[in-house]
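Visitor: Have a look at the structure that comes next, please.
The values are calculated or read from the model by the stated rules, or taken from the named source; none is laboratory data. Because the structure is predicted, anything quoted here is derived from the model rather than measured. Virtual Cβ from ideal backbone geometry, glycine too; neighbours counted across all protein chains shown. Surface areas here come from the heavy atoms of the whole protein model, side chains and all, with no ligands, DNA or RNA. Shrake-Rupley method; radii C 1.70, N 1.55, O 1.52, S 1.80 Å.
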Amino acid sequence: MGKTLSQKIWDKHIVKSGDGDPDLLYIDLHLVHEVTSPQAFDGLRINGRQVRRPDLTISTEDHNVPTSNVDQPIEDEISLKQIETLRANAEEFGITHYPMGHPNQGIVHVIGPELGLTQPGMTVVCGDSHTSTHGAFGALAFGIGTSEVEHVLATQTLPQPRQETMAINVTGELPSESSAKDVVLAVLGVVGTGGGIGAIAEFRGSVIEALSMEGRMTVCNMSIEFGAKAGLIAPDETTFEYLRGRVNSPSGELWDKALTEWKKLHTDADAVFDREITLNGAEIVPQITWGTNPGQVIPVKGNIPKPDDFDDPAEREAAKRALEYMGLEEGTPISAVPIDTVFIGSCTNSRIEDLRSAASVIKGKKVAKGVRTLVVPGSGVVKKQAEKEGLDETFKAAGFDWREPGCSMCLAMNPDKLDPRERSASTSNRNFEGRQGRGGRTHLVSPRVAAATAIAGHFSTPEDL
Amino acid sequence: MEPVHIIQGTGVPLDRSDVDTDQIIPSDWLKRVERTGFEKGLFSEWKDNPDFILNNEVYSSASILIAGPNFGTGSSREHAVWAIQQAGFKAVISPRFGPIFRNNSMKNGLVPVEVESELGKRLLQEVLEKPFLEFVIDVERALVEVPEIDLTFAFPIDESVQERLLNGLDDIGITLSNEASISKYEEDRLAWLPTQSS
């Protein structure tokens with residue numbers, strides 16, 4: 001029997017086979033940020049250990065950085081201390097670091113790919129659950145906790161138990177008004193928050209193959225929201241074209257050699273997945289979350305569900321609680337719900353293509369009265385490119401606030417937060433209670449829908465403007 | 001990590017599904033660079049509600065958190081595990097755990113006890129009715145006993161994890177004993193893989 005893509009990558013990284021125990025896997029790239037690393041570096045110091053491969057490690061500041069006045073000192077003293085701690089640790093252990101204001105600084109999952117650091121067949125880890133983003137390149141990429149960050153720093157390896165394999169097929173052709181975000185939200189609507197636990201998911205099918213690298217990153221990014229260990233997509237011409245000529249991509253003879261190897265990275269025709277689901281791409285219309293977990297999804301043109309529609313008592317109870325928290329009335333159209341804030345950003349949707357798509361919707365229009373709007377580019381590189389294309393002017397002319405790179409309102413560790421009961425249309429990845437600020441109400445949508453919503457003042461698709 | 005053999009104590013019923021790590025410890029608390037002091041952040045957005053179960057005096061000495069399915073989904077923050085432990089809990093019982101949270105728990109000696117969905121519901125109900133019900137979680141036998149209601153059940157645990165918990169072993173130390181294998185692997189890595197010079 002053949003192997004799946006993830007099994008091939010896994011097997012190539014076994015340093016020591018577990019034989020019943022977890023396999024010891026080699027890690028090709030370790031991304032580090034300020035929030036999940038300080039205690040790991042402390043652990044190294046306490047035990048007199050070094051970073052084994054600083055040359056395979058890279059760090060940046062993203063989670064907690066402000067997105068305005070970045071030339072000024074950080075006002076929040078605790079945030080400042082965390083940033084300074086990372087800078088000192090990078091210096092002490094010899095790790096390449098991109099600080100706030102550096103042209104390469106940005107969200108870890110945006111800068112890795114754009115610097116060409118994420119390549120097919122690699123293993124990539126980071127103390128952040130959205131590390132699955134890098135799977136878009138046909139890499140095995142997953143989020144880890146701080147103990148594991150310390151483990152990778154000290155050994156460049158991780159003991160990992162084998163995972164099941166899961167195929168997520170998205171067939172046919174996506175309607176023109178839908179995007180990658182709608183694909184992954186639709187998947188979440190089908191499998192729920194626990195459907196991928198214990199498995200590595202491979203996204204396949206004509207809809208996935210037609211996506212750009214940015215779109216593929218959006219899809220893989222949210223694999224953790226259904227509990228998958230990782231999500232990945234087989235590399236193809238789209239992948240190779242994206243990588244060609246990037247700073248860390250191979251060049252010359254090595255490029256040819258790499259290409260030969262990368263082309264072998266696909267699931268064998270006779271491989272069998274442990275789990276398999278199929279969605280018809282043609283049926284995927286623009287999606288939105290209505291509740292407090294990312295599996296609670298409906299079409300933007302749909303009605304808010306009634307708790308009694310759920311057969312499972314636990315789901316019914318969760319729906320009731322979610323509607324109460326979200327301040328929504330069951331059975332009514334979600335498009336009628338007015339919003340306070342629109343956030344375009346995060347490791348899910350802050351890349352150049354996302355900004356282009358949002359800008360094309362708002363061009364020549366004005367943000368609805370009273371709506372707060374933030375556009376936070378994923379990295380310094382994205383910001384520069386957007387400004388070169390004049391997208392910043394389009395956003396500003398419409399009334400959007402154009403910010404500096406960072407995680408920002410996705411998790412509200414910096415000053416960008418929702419107030420209690422404030423409602424957002426957000427291109428991020430989590431609609432958990434309080435995720436964007438205590439008492440805040442988050443609805444996850446695509447950049448197109450977020451942009452249209454900012455103009456309409458209530459949830460809307462661009463087609464309905 | 002301290003060795004963990006037997007956990008004996010009472011439980012607190014947190015009857016909710018999808019308790020994600022943002023609820024366990026909101027992001028404001030993640031700015032700390034220390035490994036301690038997270039107990040005050042535990043469920044800090046729910047704790048203002050006097051009816052929140054963890055505010056109930058009856059359960060104040062509980063050392064086992066009993067929750068609905070999909071406990072610990074979401075963010076990779078190990079701070080969630082530290083907060084639960086520092087608030088006095090030694091084990092969490094749930095029908096299903098977020099995978100990164102589960103991993104983080106075991107690295108810190110917080111025992112995740114996964115149970116069948118129906119059993120999970122029953123345990124929540126039992127503890128709601130009998131707050132002083134005593135649980136014995138035996139890591140070595142991978143068994144939970146609740147003598148008062150004559151209940152014994154097994155829970156899944158990987159042998160390697162069990163061994164680490166029982167002996168309080170340092171994962172990094174174990175891996176470093178494979179130094180020769182790691183160095184050998186490094187010699188054969190593909191030539192084009194990216195490296196940084198700092």
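Matching residues to (1) more than 12 Å from every other protein chain (Cβ to nearest Cβ); (2) assigned to a helix (DSSP H, G or I); (3) basic (K, R):
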{"position": "B:R35", "(1), (2), (3)": "no, no, yes"}
{"position": "B:S44", "(1), (2), (3)": "no, no, no"}
{"position": "B:S61", "(1), (2), (3)": "yes, no, no"}
{"position": "B:I66", "(1), (2), (3)": "yes, no, no"}
{"position": "B:T73", "(1), (2), (3)": "no, no, no"}
{"position": "B:S76", "(1), (2), (3)": "no, no, no"}
{"position": "B:V81", "(1), (2), (3)": "no, yes, no"}
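Visitor: Continuing with this model, one more query. Based on what the data block shows, is A:F137 of a type in the set (F, W, Y), open to solvent by less than 10 Å² (accessible area, probe 1.4 Å), under 23 Å from A:N429 (Cα atoms) and without any contact (Cβ under 8 Å) to a residue 60 or more places away in the chain? Break it down stepwise before answering.
Guide: Numbers: of a type in the set (F, W, Y): yes; open to solvent by less than 10 Å² (accessible area, probe 1.4 Å): yes; under 23 Å from A:N429 (Cα atoms): yes; without any contact (Cβ under 8 Å) to a residue 60 or more places away in the chain: no.
Spelling it out, it is not the case that A:F137 is of a type in the set (F, W, Y), open to solvent by less than 10 Å² (accessible area, probe 1.4 Å), under 23 Å from A:N429 (Cα atoms) and without any contact (Cβ under 8 Å) to a residue 60 or more places away in the chain.
Visitor: With A:G364, A:G370 as the choices, which residue is on the phi > 0 side of the Ramachandran plot, out of contact with any Ser or Thr (no Cβ under 9 Å at 6 or more places or on another chain), open to solvent by 50 Å² or more (accessible area, probe 1.4 Å) and not in a helix (DSSP H, G or I)? Spell out how you get there, then give the answer.
Guide: Numbers: A:G364 fails: out of contact with any Ser or Thr (no Cβ under 9 Å at 6 or more places or on another chain).
Of A:G364, A:G370, the one residue that is on the phi > 0 side of the Ramachandran plot, out of contact with any Ser or Thr (no Cβ under 9 Å at 6 or more places or on another chain), open to solvent by 50 Å² or more (accessible area, probe 1.4 Å) and not in a helix (DSSP H, G or I) is A:G370.
Visitor: Further question: Return yes or no: is B:E118 part of a helix (DSSP H, G or I) and within 13 Å of another protein chain (Cβ to nearest Cβ)? It would help to see each step written out before you state the result.
Guide: Details: part of a helix (DSSP H, G or I): yes; within 13 Å of another protein chain (Cβ to nearest Cβ): yes.
For B:E118, the condition - part of a helix (DSSP H, G or I) and within 13 Å of another protein chain (Cβ to nearest Cβ) - is met.
Visitor: Now, a different point. Mind checking which residues of segment A:102-126 are in a loop (DSSP other than H, G, I, E, B), touching a strand residue (DSSP E or B) at 6+ places or on another chain (Cβ under 7 Å) and within 13 Å of chain B (Cβ to nearest Cβ)?
Guide: Here is the first cut: in segment A:102-126, the ones in a loop (DSSP other than H, G, I, E, B) are A:102-105, A:107, A:115-122.
Add one more test, that the residue is touching a strand residue (DSSP E or B) at 6+ places or on another chain (Cβ under 7 Å), and what stays is A:104-105, A:107, A:117-118, A:122.
Of everything in segment A:102-126, those that are in a loop (DSSP other than H, G, I, E, B), touching a strand residue (DSSP E or B) at 6+ places or on another chain (Cβ under 7 Å) and within 13 Å of chain B (Cβ to nearest Cβ) turn out to be A:N104, A:L117, A:T118, A:M122.
Visitor: Related question: Being within 25 Å of the chain's Cα centre (by Cα) and within 16 Å of A:V125 (Cβ to Cβ) is true for just one of A:L24, A:L29. Which residue is that?
Guide: Testing whether each residue is within 25 Å of the chain's Cα centre (by Cα) and within 16 Å of A:V125 (Cβ to Cβ) leaves just A:L29.
Visitor: Shifting gears a bit: Sort through A:S350, A:S360 and tell me the only one that's away from every other protein chain (no Cβ under 14 Å), of a type in the set (S, T, Y) and over 16 Å from the mean Cα position of the chain (by Cα). Can you show your working first?
Guide: Values: A:S350 fails: over 16 Å from the mean Cα position of the chain (by Cα).
Every option except A:S360 fails the conditions.
Visitor: Now for a different question. Restrict the check to segment A:421-436 and report whether at least one residue is over 18 Å from the mean Cα position of the chain (by Cα), within 14 Å of another protein chain (Cβ to nearest Cβ) and open to solvent by 20 Å² or more (accessible area, probe 1.4 Å).
Guide: yes
Visitor: Here's another thing I want to ask about it. Within the group A:L279, A:L254, A:L265, which residue is part of a helix (DSSP H, G or I) and hydrophobic (A, V, I, L, M, F, W, C)?
Guide: Details: A:L279 fails: part of a helix (DSSP H, G or I); A:L265 fails: part of a helix (DSSP H, G or I).
The match here is A:L254.
Visitor: Let me ask you something else. Within segment A:274-289, take every residue that is closer than 25 Å to B:T21 by Cβ and open to solvent by 10 Å² or more (accessible area, probe 1.4 Å) and give me the one that is nearest to the chain's Cα centre (by Cα).
Guide: Initially, segment A:274-289 is screened for residues closer than 25 Å to B:T21 by Cβ, giving A:275, A:287-289.
Restricting the remaining residues to those that are open to solvent by 10 Å² or more (accessible area, probe 1.4 Å) gives A:275, A:287.
On the way: A:R275: 23, A:Q287: 17 Å.
Going through the qualifying residues, I end up with A:Q287.
Visitor: Could you go through segment A:324-344 and let me know if any residue there is at negative phi and free of Cβ contacts under 8 Å to residues at least 12 places away in the same chain. Explain how you work it out, then say what you get.
Guide: Here is the first cut: in segment A:324-344, the ones at negative phi are A:324-326, A:328-330, A:332-344.
Keeping just the survivors that are free of Cβ contacts under 8 Å to residues at least 12 places away in the same chain gives A:324.
Within segment A:324-344 (the criterion being at negative phi and free of Cβ contacts under 8 Å to residues at least 12 places away in the same chain), the answer is yes, since at least one residue qualifies.
Visitor: Then there's this: Mind listing just one residue for me: the one in segment A:9-47 that is in a loop (DSSP other than H, G, I, E, B) and at pLDDT below 95 and, of those, surrounded by the fewest Cβ atoms within 10 Å (Cβ to Cβ)?
Guide: Start the filter on segment A:9-47 by keeping residues that are in a loop (DSSP other than H, G, I, E, B), which leaves A:13, A:17-22, A:27-28, A:33-37, A:47.
This time we only want the ones that are at pLDDT below 95, so: A:17-22, A:47.
Working: A:S17: 12, A:G18: 16, A:D19: 6, A:G20: 9, A:D21: 15, A:P22: 16, A:N47: 13.
So, considering only residues that are in a loop (DSSP other than H, G, I, E, B) and at pLDDT below 95, the one surrounded by the fewest Cβ atoms within 10 Å (Cβ to Cβ) is A:D19.
Visitor: Being in a loop (DSSP other than H, G, I, E, B) and under 17 Å from A:Q119 (Cβ atoms) is the requirement here; does A:G245 meet it?
Guide: Numbers: in a loop (DSSP other than H, G, I, E, B): yes; under 17 Å from A:Q119 (Cβ atoms): yes.
Spelling it out, A:G245 is indeed in a loop (DSSP other than H, G, I, E, B) and under 17 Å from A:Q119 (Cβ atoms).
Visitor: Next question. Tell me yes or no: at least one residue of segment A:398-408 is open to solvent by 20 Å² or more (accessible area, probe 1.4 Å) and among the hydrophobic types (A, V, I, L, M, F, W, C). Let's see the steps before the verdict.
Guide: First, the residues of segment A:398-408 that are open to solvent by 20 Å² or more (accessible area, probe 1.4 Å): A:399, A:401-404.
Next, only the ones that are among the hydrophobic types (A, V, I, L, M, F, W, C) stay: A:402.
Scanning segment A:398-408 turns up at least one residue that is open to solvent by 20 Å² or more (accessible area, probe 1.4 Å) and among the hydrophobic types (A, V, I, L, M, F, W, C).
Visitor: Being under 16 Å from B:N167 (Cα atoms) and of a type in the set (S, T, N, Q) is the filter here, so list the residues in segment B:90-113 that pass it.
Guide: B:S105, B:N108
Visitor: Could you please give the count of residues in segment A:220-239 that are surrounded by fewer than 24 Cβ atoms within 10 Å (Cβ to Cβ) and closer than 21 Å to A:N349 by Cβ?
Guide: Quick first cut of segment A:220-239, residues surrounded by fewer than 24 Cβ atoms within 10 Å (Cβ to Cβ) only: A:234, A:236-239.
In the following step, the residues that additionally are closer than 21 Å to A:N349 by Cβ were identified as A:238-239.
Within segment A:220-239, residues that are surrounded by fewer than 24 Cβ atoms within 10 Å (Cβ to Cβ) and closer than 21 Å to A:N349 by Cβ number 2.
Visitor: Do you know which residues across segment A:437-448 are outside any strand (DSSP E or B), touching an Asp or Glu at 6+ places or on another chain (Cβ under 8 Å) and either in contact (Cβ under 8 Å) with a residue 40 or more places away in the chain or away from chain B (no Cβ under 14 Å) (or both)? Step through it out loud before you land on a result.
Guide: First, the residues of segment A:437-448 that are outside any strand (DSSP E or B): A:437-440, A:445-448.
So of that shortlist, the ones also touching an Asp or Glu at 6+ places or on another chain (Cβ under 8 Å) come out as A:437-440, A:446-448.
Correct list: A:S446, A:P447, A:R448.
Visitor: Determine, yes or no, whether A:V51 is out of contact with any strand residue (DSSP E or B) (no Cβ under 9 Å at 6 or more places or on another chain), assigned to a loop (DSSP other than H, G, I, E, B) and within 12 Å of another protein chain (Cβ to nearest Cβ).
Guide: Values: out of contact with any strand residue (DSSP E or B) (no Cβ under 9 Å at 6 or more places or on another chain): no; assigned to a loop (DSSP other than H, G, I, E, B): yes; within 12 Å of another protein chain (Cβ to nearest Cβ): yes.
So A:V51 does not fit the description; no.
Visitor: Which residue pairs have Cβ atoms under 9 Å apart, sit 6 or more places apart or on different chains, and have a first residue in segment A:94-118 that is in contact (Cβ under 8 Å) with a residue 24 or more places away in the chain and closer than 12 Å to A:H134 by Cα and a second that is open to solvent by less than 10 Å² (accessible area, probe 1.4 Å) and among the aromatic types (F, W, Y)?
Guide: The qualifying pairs are A:P113/A:F137; A:T118/A:F137.
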